Amino acid sequence: MAEPLGLLSAVLAFAVVAASPGPANLAAAGVAIAAGRVRAMRFALGLALGLFFWGVLAALGMGAILQSTGWALTGLKVAGGFYLLWLALQSLRAARGTDTTIAARRAPRRLFWSGLMLNLSNPKAVFAWMATLSLGMGGAGQGYLLLTVLCGLIGLINYIGWVTFFSTGVMMRAYLRGRRWIEATVGLLLGAAGVSLLRSSATQ
């Protein structure tokens, strides 16, 4: 079983990483502010499931194998990079249009799958889980299982928090006033993250 102090340190570290403004949180905010809370919650659930999937693999030891296998990690980075660029393109297209955003027009089921695919193609999730599981953990088994469940819940709460905050009336009204600039900014940030992943895959 994991030591309580090591478990607490790992959980706190994961919470900090999960709450930091990365591609997943940025996308959750973008969907929430454009499509509203109810629809964006589907996106958040997809993100949480994708994140938890990598946590389970990391706890089973597959994350270490992926990290040590150059071609697999490179392939994941390439897939993630192009997916982020695709999301960036959609935001930029929405910024140019005069109608509702692409995110707002998506079916709820598609929003869930979009969130799931975003984190399944996110190699940073692998690194976050590997660092968390190795932080202060003296063994495997029940310790890894407990930590994986706790961090999975933290991930879910984090995405729900981003969606809840950015789907408030104040944020929605701000979006309506500055929709083009917001969509363009989100698109550029997602694009920069995608390019960064592709560059990382090329130099690995």
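Observations on the structure shown:
- Rough spin-label spacing in nm, given labels placed 7 Å along Cα→Cβ, for V195 and R180: 2.2 nm
- For the range 112-119, the Karplus equation 6.51 cos²θ - 1.76 cosθ + 1.60, evaluated at θ = phi - 60°, returns couplings of 4, 5, 5, x, 4, 5, 4, 7 Hz by residue, with Gly and Pro reported as x.
Every number in this text was worked out from the coordinates using simple rules, so none of it is lab data. Keep in mind the model is a prediction, meaning the values are calculated, not measured. As a convention, Cβ positions derive from the backbone with ideal geometry for all residues, glycine included, and neighbour counts pool all protein chains shown.
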